[in-house]
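The values are calculated or read from the model by the stated rules, or taken from the named source; none is laboratory data. Just so we're clear, the structure is a prediction, and the values are computed from it rather than from any experiment. Cβ atoms come from the backbone with ideal geometry, glycine included; neighbour counts cover every protein chain shown.
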């Protein structure tokens, strides 16, 4: 009997977000606030529930700029 898989697999963008938050110690909620996007939309984009055509470039730009500041 197969066990139910209750976790939603991450998209490539979702993995990028997780790596970034692990490296910086920032939470996903903080990332959403600082990037100026909705938290729920960011989470749904990382799991593939919504496309995020406008959100992904904004968050990627924030992550790049944040790394440059450090």
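Of the helices (runs of 4 or more DSSP H) contained entirely in the chain, those carrying at least 1 residues that are at pLDDT below 95 fall at 12-24, 39-46, 55-69. Within the option set 36, 48, being at positive phi and more than 12 Å from the chain's Cα centre (by Cα) holds for one residue only, 36. From the list 9, 57, the lone residue that is surrounded by fewer than 16 Cβ atoms within 10 Å (Cβ to Cβ) and touching a residue at least 12 places away in the same chain (Cβ under 8 Å) is 9.
Pairs under 9 Å by beta carbon, first residue closer than 19 Å to residue 68 by Cβ in segment 17-44, partner in a loop (DSSP other than H, G, I, E, B), six or more apart or different chains? Close Cβ pairs (under 9 Å, with a partner that is in a loop (DSSP other than H, G, I, E, B)) amount to 17/10; 20/26; 21/27; 24/70; 31/37; 34/26.
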